[in-house]
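Have a look at the structure below before the remarks.
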Number of protein chains: 2
Amino acid sequence: MSRTGADRLCEALLKLGVDTCFSNPGTSEMHFVAALDRRPEMRYVPGLFEGVVTGAADGYGRMTDRPAATLLHLGPGLANGLANLHNARRAATPVINIVGEHSTEHLPLDAPLTSDIESLARPMSSFVRRMERAEHIEADVAAAWSAAMTGVVSTLILPADLSWAESKAPADVEIPAVPTPSSVDEDLLSRVVAALKDRGGKVGFVLSGLALREAALADAGRIAAQTGARFFAQGSNGRMERGRGRVAIEKLSYQAAPGRAQLAGLEIIVLIGAAEPVTFFGYPTGSGRLAPCEAAIIDLAGPQHDLAAILARIADLAGARSLPPQPLASMAAPAVPDSSSVDRLTVRAINHAIADRLPENAIVCDEVISSAGFYDLSHEAAPHDYLQLTGGAIGIGIPLATGAAIACPDRKIVALQADGSGMYTLQGLWTQAREGLDVVTIIFANHSYAILHGEMRKLGVEEARRNVGRMLDLDAPRLDWVRLAAGMGVPAGRATTVSRFWHLLDDALRQRGPYLIEASLA
Amino acid sequence: MSRTGADRLCEALLKLGVDTCFSNPGTSEMHFVAALDRRPEMRYVPGLFEGVVTGAADGYGRMTDRPAATLLHLGPGLANGLANLHNARRAATPVINIVGEHSTEHLPLDAPLTSDIESLARPMSSFVRRMERAEHIEADVAAAWSAAMTGVVSTLILPADLSWAESKAPADVEIPAVPTPSSVDEDLLSRVVAALKDRGGKVGFVLSGLALREAALADAGRIAAQTGARFFAQGSNGRMERGRGRVAIEKLSYQAAPGRAQLAGLEIIVLIGAAEPVTFFGYPTGSGRLAPCEAAIIDLAGPQHDLAAILARIADLAGARSLPPQPLASMAAPAVPDSSSVDRLTVRAINHAIADRLPENAIVCDEVISSAGFYDLSHEAAPHDYLQLTGGAIGIGIPLATGAAIACPDRKIVALQADGSGMYTLQGLWTQAREGLDVVTIIFANHSYAILHGEMRKLGVEEARRNVGRMLDLDAPRLDWVRLAAGMGVPAGRATTVSRFWHLLDDALRQRGPYLIEASLA
C-alpha cells in the first residue's frame, strides 16, 4: 500500500508511543491531518490557538514523562506557541513539535506565510531539524523523540512535499532505546557526601524535576534526618508529588530578601535537577544571586541524570537508608482564615477551601502568581500533583490543565488561575468543553495585574497617575469570566463570599466535566 | 532634573512623533511604565495579550503611515506578538517594538524568563538592536524610527539597567529627516514606458502599499485608459482607498487557476510595491508562480520608493495625464441576493448589507478568509479604507480594528471577522470596550475552519472520519460570541436571519462605541 510521508511520520510517532497530538493545523498540514484521519489510534486534540496547543502538550508531558506531538502551522503558528514552549523548556518537559512548512519548491517564492522557522524555533527548542529527505522521515522522528526524552522540546520542520510524497516500502522505524541517563560525576558526589558527614547542617540541596517525586523526596527526607542538611525545591517546578503521607518540602523564593534568608549560613549548595538560585528579575540594588557569596555551588545533576537514583545513592552513602524521612518544610498548621470576617473572599480563604476539599490524587495547576498561598496551605492536603508556571511566560494555566486532563482522564484537575494570565489563553476552555475534561478552573479575579502594582510601588511610584492606572488595572470594564466560560461551553458560577465559594467548589468537585468558578476578590 | 533612561526613551519617541504606545508590560518594563506615567501626552493603550498589542500597532501604522510603539515583556511577550508582526511586515507597516530585557548583570544568570530575544525578533523585524549604552538611547530610537519609516518593523531590546540608569543632561535627540524615498531605476522605468507605448495591452501592473491610495489609483486608471495596460492589486494589502468616486481595482487571486487566468496573455508584469504573484501555498500539481512562464517580471519599486510619484511619472510619460481615469475592475452591478430565500443568512447577504450601509469614510478590516465576497460587492460602496490580513497569520482582525480606531477616532470601523481567526485574539474586544472605540465587529460564524474543509476535499478526503471532523469543526460546543463579547464589556447581538442582521447592523452603525454582531451562518 502506498503511503504518504505524513502517514509514515504519523506511524513513526505511534511506534515510539507518541499517541496524542495537540493541534491547530492549517493548509500546509492537511496531508498530516489526512494521515491522522487514517490512524484513529492517534488521539487528536484541537486547540483554538497555538498557545493552548503547546501549553497542553507541556501539561501532558509533565504528567506522563513522555512527549505528546503538536502540529503547528508554519512560522506564525509556531510563534503563537512559543511562550508556552518556553515554559516547557524551563520545566524540562518532553515535547515534539511538528511545524508545517511550504514545499521545497514553494519556499523560495516567499509567499505571504513564509518566515524563518529555525530562528523562531531555536530559542525554545533544544533540538531543531528541518526534514529534508523522505527516506529519513523515520530517522528524523526517532532523533526528535530521543532528544525529547532527555527532557527537552524538539521541533521538526516538515515541508509539504515531504508530507505528500508517496512511497511504497518505507524503512521501518528503528525504535531507539529510551536514552540512558548520564553518569553522575563521582568526584562531585564524593565531595557532597564528605561535606554531609563533616558539616551536614551547612549543606543545602535545591531540587527540581524528577527529584520532586514521592520516592526521591523520601530519600531527601532521610538524608536530612541523618545529616541535618537543608533541602529546598526550586521556586517553580514542572511537577511535584506532594500532600498527606509524602515528604513536604519548602520552596525557594525568587525574591531577593526571603530567598537569601532561606539560604543564609549555607556553605555548600548542591543542585539536583535545579538551576542556580537567582531572583526572577534583576534590580538596581544588587546581584540577583541568592546563595551566600562564600558558598560553593555544586551542580551535581540535571534533567539528563537519574535524579531519584542519585538521591538514593546519597542516602545510602550517608547511612540514611533505614531512617524515617523527616519533613523538609515547616509543618505548622496554617492558620484558618479569621472567623470575624469569615465571609469576605480572600486569596487565603480560597486556598484554604481548596486545600481542605482537594480530592485524592488530584492534579493542581497553579498560575496564581500575585499571591502564592496555596502551596503553604496544602502540605497536608490529600495527595496530589502540583504543576507550576516554570518560565514566567504567563498564559500556561488553562492549557496546562487541559493537557494534564488528557494525560490523566481519571483524575480531577484543579486549575488555580489568575485573571490577567488566564486571559492569555482562555481559548483552552473550549478544548475542555469539547473533550469533556474533568477540570475545575478557579479564577482569582483581582481585576488587575496586581504583581505589577507591587513592582511599581518598589520604584516609589506611589501616586498612580492616569497612565499607570490604565496600564495595570483590568477594571473598566471588568472581565466577566462566567460569560466568557459559557461562551466556550464551560458552565460557570461566580462567588463573592466565602460561603458561596465553598458551595460552588463542592458542586464543581462532585460532578465530572469542566466547570469554572470566578472568585471575585474585590 | 534627573531622568531615567526610560524617560529619555519616552521623550525621544515623542519628539519623533511617536505618541501612542500599545502595550502589555511586565516587571522588567516598570521603569518605562513609570516614564509613561510622567508623560501623559504619550497615549497608552493596554492589550490583554501581546497579539492584540502588535496587531493594533499594525492597524495604527496602516492608517497613519507612521509607527506606534509597542511595549513587550521579554522574549515570551515578543513571541506572543510575532504572528501579527509577521502581518505588519507583509503589509510594510511601520512599527517600533520596545522589548524589555533583563538587566545586563542579571542576563547571564539565566533566570526563568531569559531567552534569545534577537533570534525571536529577526524573522519579523528588519531592524533589531539591543540597546547597550545609556548615552546612545536617543540615537538608538532615532535609528529604529528611521528604519520603521521605510515601512518595516523595528525592534529595540531595552535592558532594565538602561531603563533605570539616571542621567542629568542627556543628549538631545537629533530628529532625523523622514527618509528620502529611493530613486527609481531609470532604465527599468524607460523599459516599462516603452512597452506601454508599444504593446500596452500586454503589460500588467501589480500594485500594493501606497500605490493603492486614491491619487495613485487615479493615475493607474489614466495609464490604463491611454495604453490598455491591465492593473491588479496584490492579493492582500495593508490598506486600499476605495469606494464610490475612486478608481476600483481588481485583486489578484492567490489560487492557481483564477490567478493564472487573470494574468494570462500578459508579456510584461510590472511590480509597484507588490511581490511577485504566487499562490498562497504550494501544491503537488505544479509551480506556485502565477505569471505566464514567458512573461518578463519587472520589479520596478518597493515600499522604499515613492510609489504614487512613480505612477504619476508613468502617467506623464505615457501621455495619460489629461485623461479621465478608467475603472480597473469590472463594475457590473453585483447581483442582489436571491429574494426567494431572502431571509436565509449567507456570507453574500451579510456583505451586501454592509456594502449598502457602510458609512462614509469608514474603515473596513477584513479577516473573513474562507469567503471573500465583501470586496467585489463594495466597489460602489461609500468611500472607505480597506485593511486586509496580509501575511496569512490569522488573528489580526480584532486587533487591526482596535488600532485603526485609535488612529482615527472620528471614523467608524467595521471589522469583518471569521470565527476561527477571531478566537485567536478575541482579547482585543476588551481594549475596544476600555477605550470606547467606535468599532462594529461582525462575526461570520460558520462554526468551522471552512477553508481547511476545502483543502481536505482537494486532497480527496471526502469522507470525514472522526479525526478530521474533530480537527476542522468548531462545533460541539458552538462558540457563543454574544457571551464572549459581553464577558469583555462589548454589547452584542446575534442574527440568524437577514432581516435581523440588517436590524442589528443599522442599530450598531447608528450608535457610537463597540458593538459585536454574531452572524450565525448555519
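The values are calculated or read from the model by the stated rules, or taken from the named source; none is laboratory data. Bear in mind that the values here come from a model prediction, so they are computed numbers and not experimental data. Cβ sites come from the backbone with ideal geometry, for glycine too, and all protein chains shown count toward neighbours. For the accessible areas, the whole protein counts, side chains as well, though only heavy atoms, and no ligand, DNA or RNA atoms are used. Shrake-Rupley method; radii C 1.70, N 1.55, O 1.52, S 1.80 Å.
Quick look at the numbers
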{"quantity": "Enumeration of residues in region B:438-495 that are at pLDDT below 85, open to solvent by 20 Å² or more (accessible area, probe 1.4 Å) and among the aliphatic types (A, V, I, L, M)", "calculated": "B:Ala450, B:Ile451, B:Leu459, B:Val461, B:Ala464, B:Ala476"}
{"quantity": "Among residues of region B:133-159, those that are in contact with a helix residue (DSSP H, G or I) (Cβ under 6 Å, 6 or more places away or on another chain) and open to solvent by less than 10 Å² (accessible area, probe 1.4 Å), counted", "calculated": "7"}
{"quantity": "A:Asp306 vs. criteria open to solvent by 40 Å² or more (accessible area, probe 1.4 Å) and more than 24 Å from the chain's Cα centre (by Cα)", "calculated": "no"}
{"quantity": "Residue within region B:309-319 that is part of a loop (DSSP other than H, G, I, E, B) and modelled with pLDDT of 95 or more present", "calculated": "yes"}
{"quantity": "Condition met for A:Glu250 (open to solvent by 40 Å² or more (accessible area, probe 1.4 Å) and outside any loop (DSSP other than H, G, I, E, B))", "calculated": "yes"}
{"quantity": "Hey, A:Leu36 facing chain B (nearest Cβ under 7 Å) and more than 20 Å from the chain's Cα centre (by Cα) or not", "calculated": "yes"}
{"quantity": "Members of region B:113-126 found to be open to solvent by 10 Å² or more (accessible area, probe 1.4 Å) and within 14 Å of B:His73 (Cα to Cα), listed by number", "calculated": "B:Thr114, B:Ser115, B:Asp116, B:Glu118"}
{"quantity": "Subset tally (residues that are within 10 Å of chain A (Cβ to nearest Cβ), open to solvent by 10 Å² or more (accessible area, probe 1.4 Å) and either of a type in the set (S, T, N, Q) or in a helix (DSSP H, G or I) (or both)) for region B:394-421", "calculated": "0"}
{"quantity": "Selected residue (criterion: farthest from B:His31 (Cα to Cα)) from residues of region B:119-159 that are within 14 Å of another protein chain (Cβ to nearest Cβ) and of a type in the set (A, V, I, L, M, F, W, C)", "calculated": "B:Met124"}
{"quantity": "Condition broken by B:Asp299, with the remaining ones in (1) within 13 Å of chain A (Cβ to nearest Cβ); (2) open to solvent by 60 Å² or more (accessible area, probe 1.4 Å); (3) modelled with pLDDT under 95 satisfied", "calculated": "(3)"}
{"quantity": "Of residues in region A:222-280 being of a type in the set (Val, Ile, Thr) and more than 20 Å from the chain's Cα centre (by Cα), the one farthest from A:Leu328 (Cα to Cα)", "calculated": "A:Ile268"}
{"quantity": "Count of residues meeting criterion [acidic (Asp, Glu) and open to solvent by less than 10 Å² (accessible area, probe 1.4 Å)] in region B:355-388", "calculated": "2"}
{"quantity": "Members of region A:473-495 found to be over 24 Å from A:Ile451 (Cα atoms) and more than 7 Å from chain B (Cβ to nearest Cβ), listed by number", "calculated": "A:Ala485, A:Val490, A:Pro491, A:Ala492, A:Gly493"}
{"quantity": "Near pairs, Cβ below 8 angstrom, 6+ apart or cross-chain, from region B:496-522 (surrounded by fewer than 22 Cβ atoms within 10 Å (Cβ to Cβ)) to any residue that is of a type in the set (Gly, Ala, Ser) and outside any strand (DSSP E or B)", "calculated": "B:Val498/B:Ala349; B:Val498/B:Ala353; B:Trp502/B:Ala353; B:Arg512/B:Gly436; B:Gly513/B:Gly436"}
{"quantity": "Neighbours by Cβ (under 6 Å, 6+ apart or cross-chain): first from region B:12-24, acidic (Asp, Glu); second part of a loop (DSSP other than H, G, I, E, B)", "calculated": "B:Asp19/B:Met42"}
{"quantity": "Boolean, B:Ala433 is modelled with pLDDT of 95 or more, at the interface with chain A (Cβ under 8 Å from one of its Cβ atoms), open to solvent by less than 10 Å² (accessible area, probe 1.4 Å) and in contact with a helix residue (DSSP H, G or I) (Cβ under 9 Å, 6 or more places away or on another chain)", "calculated": "no"}
{"quantity": "Subset of region A:272-287 [surrounded by 22 or more Cβ atoms within 10 Å (Cβ to Cβ) and either among the aliphatic types (A, V, I, L, M) or farther than 26 Å from A:Phe374 by Cβ (or both)]", "calculated": "A:Ile272, A:Ala274, A:Val278, A:Gly282"}
{"quantity": "Hits in region B:382-419 (condition: hydroxyl-bearing (Ser, Thr, Tyr) and either in contact with an Asp or Glu (Cβ under 7 Å, 6 or more places away or on another chain) or farther than 20 Å from B:Leu82 by Cβ (or both))", "calculated": "B:Tyr386"}
{"quantity": "Which numbered condition B:Tyr375 misses (of (1) touching a helix residue (DSSP H, G or I) at 6+ places or on another chain (Cβ under 7 Å); (2) among the hydroxyl-bearing types (Ser, Thr, Tyr); (3) in a helix (DSSP H, G or I))", "calculated": "(1)"}
{"quantity": "Residue in region B:27-40 that is farther than 21 Å from A:Lys458 by Cβ and at pLDDT below 95 present", "calculated": "yes"}
{"quantity": "Residue that is under 28 Å from A:Leu217 (Cβ atoms) and modelled with pLDDT of 95 or more, where the choices are A:Gly395, A:Gly422, A:Gly373, A:Gly391", "calculated": "A:Gly391"}
{"quantity": "Residue ID - most open to solvent (accessible area, probe 1.4 Å), chosen from residues in region B:6-60 that are of a type in the set (Asp, Glu) and touching an Asp or Glu at 6+ places or on another chain (Cβ under 8 Å)", "calculated": "B:Glu41"}
{"quantity": "Which listed residue is of a type in the set (A, V, I, L, M, F, W, C) and in contact (Cβ under 8 Å) with a residue 24 or more places away in the chain, from B:Ala177, B:Ala121", "calculated": "B:Ala121"}
{"quantity": "Some residue of region A:73-83 being over 29 Å from B:Tyr283 (Cα atoms), surrounded by 24 or more Cβ atoms within 10 Å (Cβ to Cβ) and of a type outside the set (Phe, Trp, Tyr)", "calculated": "yes"}
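Conditions (1) touching a strand residue (DSSP E or B) at 6+ places or on another chain (Cβ under 8 Å); (2) closer than 25 Å to A:Ile117 by Cα; (3) within 11 Å of chain A (Cβ to nearest Cβ), marked per residue:
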{"residue": "B:Pro25", "(1), (2), (3)": "yes, no, yes"}
{"residue": "B:Phe32", "(1), (2), (3)": "yes, no, yes"}
{"residue": "B:Met63", "(1), (2), (3)": "yes, no, no"}
{"residue": "B:Pro67", "(1), (2), (3)": "yes, no, no"}
{"residue": "B:Ala83", "(1), (2), (3)": "no, yes, yes"}
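Quick grid of which residues meet (1) free of Cβ contacts under 8 Å to residues at least 60 places away in the same chain; (2) among the polar types (S, T, N, Q); (3) not assigned by TED's automatic domain parsing to the domain that holds B:Gly75:
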{"position": "B:Ser163", "(1), (2), (3)": "no, yes, no"}
{"position": "B:Val173", "(1), (2), (3)": "no, no, yes"}
{"position": "B:Ser190", "(1), (2), (3)": "yes, yes, yes"}
{"position": "B:Ala194", "(1), (2), (3)": "yes, no, yes"}
{"position": "B:Lys197", "(1), (2), (3)": "no, no, yes"}
{"position": "B:Ala211", "(1), (2), (3)": "no, no, yes"}
{"position": "B:Glu214", "(1), (2), (3)": "yes, no, yes"}
{"position": "B:Leu217", "(1), (2), (3)": "no, no, yes"}
{"position": "B:Gly228", "(1), (2), (3)": "yes, no, yes"}
